[in-house]
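Peer 1: Okay, handing you the structure first.
Throughout, read-outs are computed from the coordinates displayed, never taken from laboratory work. What you are looking at is a predicted structure, and each value in this text was computed from that prediction instead of being measured. Cβ placement follows ideal geometry from the backbone for every residue including glycine, while neighbour counts extend to all protein chains displayed.
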Amino acid sequence: MSGKAVLVFSEEDNLAFELLALAKQLSNQLGSWTGAIILGDGEDRVVKFTEHCADKIFVVSEVDPQRNGPDVIAEAVAQVVSNMLPHIVLIAATKIGKEVAAYLAQSLRTGCASGCLDVSLRDSQVEVTRFVMGGRFLARQIFESYPAVITIPPHRFQAIQLKGNGSVENVKVTVQKRISKLEFRAVEKSGAELEDAEVVVAIGRGLKRKDDLKLVEELVKVLGAELGCTRPISGDLKWLPEDRHIGLSGKHVRPKLYIAVGVSGQIQHVVGMRDSKTVVCVNTDPNAPMHKEADYSIVGDLYKVLPALTNIIKRIKEKA
Ligand SMILES: Cc1cc2nc3c(=O)[nH]c(=O)nc-3n(C[C@H](O)[C@H](O)[C@H](O)COP(=O)(O)OP(=O)(O)OC[C@H]3O[C@@H](n4cnc5c(N)ncnc54)[C@H](O)[C@@H]3O)c2cc1C
């Protein structure tokens, strides 16, 4: 048994170090210790973990994230956690981490809170703060069952280095593969650098035909922008590659200028662009929610507005 230990897992060591900083703070309050699970070859890595606040390190060498899928990783983590029964398990919300957390909570019959922005204690009860309803609200929630399984988005906390003296335990697990690969296919990539772009022009279903993308591409060119889109444009219509879609299930962008063209502004899209500095919206419908996000609204037909906008910018550039 662990007392009220705080255990950390990520298949990426740097993310585990970030979580350990939070784990240290929580375990200090609980008067307990921090633990970290390392999968794969741990020999060279344990020192780094002890330097990043891990009091105990559990190495499971026979399971390796490079070779094994999330099913096997989750099973290994679940076995370590079942033996320790910590008070809190912090998992980095990577693709693998999200699957591991869900599996773990299910197998321990305990609660799981995903994408938590903050974790705090009320006596020993665990409280989390997280976005809910597609990012429209922030909810504070409290765990009713333990261990509390929590996922944290990458880079939410900063790793701290402390001179530590962590102990190491090699753990044997018995894991069973539950999912087999059928096929691996490369996803079409456009090379879009949306996350770092200073200007993004995003197109939505206001565009009527794929051929009309030329109109938007002209504006993108004169602005030196990156082209983004809503999910229906890439996912349903397949007019642009998947890596151009912005929103809840796509990219998160934060450009200086975001021009939304024929985009209605549903919350699933808006969560991916609301950190943009200046937002321009072009939409025929004056009641489209995107106008509420915009600093500058143009209620008009994109087929008239886009060529006019492109020409004006071209002229300004020629004069400059
Ligand atoms: C679980 C889940 C996750 C999702 N994730 C995402 C996500 O990550 N990103 C995302 O974008 N969506 C996502 N969606 C879909 C989302 O809910 C919306 O359906 C989508 O964003 C709408 O796309 P749109 O604005 O292109 O289309 P529409 O909602 O159809 O809007 C088209 C807009 O174009 C305007 N328009 C029409 N003609 C013109 C014209 N000639 N000139 C100017 N304007 C015109 C219309 O007034 C309208 O406002 C998700 C949905 C679910 C359920």
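Peer 1: Looking at segment 27-128 only, what percent of DSSP beta bridges run antiparallel? Nearest 5 please. Working shown, then result.
Peer 2: Values: 4 of 9 bridges.
In segment 27-128, DSSP labels about 45 percent of beta bridges as antiparallel.
Peer 1: Taking the Cα atoms of segment 129-198 alone, what are Rg (to one decimal) and Dmax (as a whole number) in Å?
Peer 2: Gyration radius and largest Cα-Cα distance of segment 129-198: 20.4, 50 Å.
Peer 1: Using only Cα atoms, find the angle between the long axis of helix 95-108 and the longest principal axis of the chain, and express it within 0 to 90 degrees, rounded to the nearest 10.
Peer 2: Taking Cα atoms only, the helix is inclined about 50 degrees.
Peer 1: Right, another one. How about segment 188-255: which trypsin sites (Lys or Arg not before Pro) there are in a DSSP loop, with at most 12 other Cβ atoms within 10 Å of their Cβ? Walk me through the numbers on the way to the answer.
Peer 2: Details: sites: Lys189, Arg205, Lys208, Arg209, Lys210, Lys214, Lys221, Lys238, Arg244, Lys251; in loops: Lys189, Arg205, Lys208, Arg209, Lys238.
Counting only loop positions with at most 12 other Cβ atoms within 10 Å, the trypsin sites (Lys or Arg not before Pro) in segment 188-255 are Lys189, Lys208, Arg209, Lys238.
Peer 1: Could you tell me which of Ser32, Ile316, Ala93 has its Cα farthest along the dipole of the chain towards the positive end, charges placed at Cβ (Lys, Arg +1; Asp, Glu -1), taken about the Cα centre?
Peer 2: Ile316
Peer 1: Turning to a different aspect of this structure: Out of all DSSP beta bridges in the chain, what portion is antiparallel? Express it as a percent rounded to 5.
Peer 2: On the way: 12 of 56 bridges.
Antiparallel: roughly 20 percent of the beta bridges in the chain.
Peer 1: Which value, in nm² and rounded to one decimal, describes the direction-averaged projected area of the C-alpha convex hull of the chain?
Peer 2: Numbers: hull surface 79.2 nm².
About 19.8 nm², averaged over all directions.
Peer 1: Let me ask something additional. What's the Cα-based Rg to Rh of segment 194-319, Rh via Kirkwood? Please report the intermediate quantities before stating the final value.
Peer 2: Details: Rg = 13.1 Å, Rh = 14.1 Å.
My calculation of the ratio gives 0.93.
Peer 1: Which of the pairs Lys24/Lys292; Lys214/Lys319; Lys221/Lys251; Lys181/Lys208; Lys181/Lys210; Lys177/Lys238 have their Cα atoms more than 32 Å apart in this structure? Spell out each step's value before the answer.
Peer 2: Values: Lys24/Lys292 42 Å; Lys214/Lys319 25 Å; Lys221/Lys251 21 Å; Lys181/Lys208 38 Å; Lys181/Lys210 34 Å; Lys177/Lys238 34 Å.
Listed pairs above 32 Å: Lys24/Lys292; Lys181/Lys208; Lys181/Lys210; Lys177/Lys238.
Peer 1: Give the residues of segment 226-243 whose amide nitrogen is closer than 18 Å to a point set 7 Å from the Cα of Ala186 in the direction of its Cβ.
Peer 2: Inside the label zone: 241-243.
Peer 1: Now a separate question. Using the Karplus curve 6.51 cos²θ - 1.76 cosθ + 1.60 with θ = phi - 60°, work out ³J(HN,Hα) for each residue of segment 33-50 in order, rounded to whole Hz, and write x for Gly and Pro.
Peer 2: 9, 9, x, 9, 9, 10, 9, x, 5, x, 3, 7, 9, 4, 4, 4, 5, 5
Peer 1: So, with +1 on the Cβ of K and R and -1 on the Cβ of D and E, and no other charges, what is the size of the charge dipole of the chain about its Cα centre, to the nearest 20 debye?
Peer 2: On the way: 41 positive and 39 negative charges, 185 e Å.
In total the dipole reaches around 900 debye.
Peer 1: For segment 74-91, what does the Karplus curve 6.51 cos²θ - 1.76 cosθ + 1.60, with θ = phi - 60°, yield as ³J(HN,Hα) per residue in whole Hz, taken in order and with x for Gly and Pro?
Peer 2: For segment 74-91, the Karplus-derived couplings read 4, 4, 5, 4, 4, 5, 5, 5, 4, 6, 7, 6, x, 7, 9, 10, 9, 10 Hz, x marking Gly and Pro.
Peer 1: Another question, if that's okay. For the chain, modelled as a GNM with alpha-carbon contacts under 10 angstrom, which of Arg185, Arg231, Arg274 fluctuates the most?
Peer 2: Most flexible of the set in this elastic network: Arg185.
Peer 1: I'd like the per residue volume of the convex hull spanned by the Cα atoms of segment 63-188, given in cubic angstrom. Walk me through the numbers before you get to the answer.
Peer 2: On the way: hull volume 22.0 nm³, N = 126.
Spread over its residues, the Cα hull of segment 63-188 gives 175 Å³ apiece.
Peer 1: Using alpha-carbon pairs under 8 Å, 6+ residues apart, how would you state the relative contact order of segment 194-319 in percent?
Peer 2: Normalised by residue count, the contact order of segment 194-319 is 25 percent.
Peer 1: So what's the angle, to the nearest 10 degrees on a 0 to 90 scale, between helix 13-30 and the longest Cα principal axis of the chain?
Peer 2: Helix 13-30 sits roughly 60 degrees off the main axis of the chain.
Peer 1: At a Förster radius of 51 Å, what calculated FRET efficiency corresponds to the Cβ-Cβ distance of Gln161 and Asp295, to the nearest 0.05? Write down the numbers at each step before the final one.
Peer 2: Values: r = 42 Å, r/R0 = 0.82.
Efficiency computed from Cβ-Cβ geometry: 0.75.
Peer 1: Right, another one. Helix 302-319: angle to the longest alpha-carbon principal axis of the chain, degrees 0 to 90, nearest 10?
Peer 2: 90
Peer 1: Now, a different point. Given R₀ = 56 Å, what would the calculated FRET efficiency be for Asn287 paired with Ser120, taking r from the Cβ atoms and rounding to 0.05? Don't jump to the answer; show the numbers that get you there.
Peer 2: On the way: r = 40 Å, r/R0 = 0.71.
Here the calculated transfer efficiency is 0.90.
Peer 1: Cα centroids of segment 28-46 and segment 65-90: how far apart, whole angstrom?
Peer 2: Spelled out, the Cα-based centre of one part sits 13 Å from the other.
Peer 1: Next question. Using DSSP to define loop residues, name the trypsin sites (Lys or Arg not before Pro) in segment 2-70 whose beta-carbon has at most 11 other beta-carbon atoms within 10 Å.
Peer 2: Values: sites: Lys4, Lys24, Arg45, Lys48, Lys56, Arg67; in loops: Lys4, Arg45, Arg67.
Of the trypsin sites (Lys or Arg not before Pro), the ones in loops of segment 2-70 whose Cβ has at most 11 other Cβ atoms within 10 Å are Arg67.
Peer 1: Cα atoms only: what Rg and Dmax, in Å, come out for segment 1-150?
Peer 2: 14.4, 44
Peer 1: Next question. Please list, by residue number, every one of the GluC sites (Glu not before Pro) in segment 43-88 that is coil in DSSP and has at most 11 other beta-carbon atoms within 10 Å. Show your work: numbers first, answer last.
Peer 2: On the way: sites: Glu43, Glu51, Glu62, Glu75; in loops: Glu43, Glu62.
Hits after loop and neighbour filter: Glu43.
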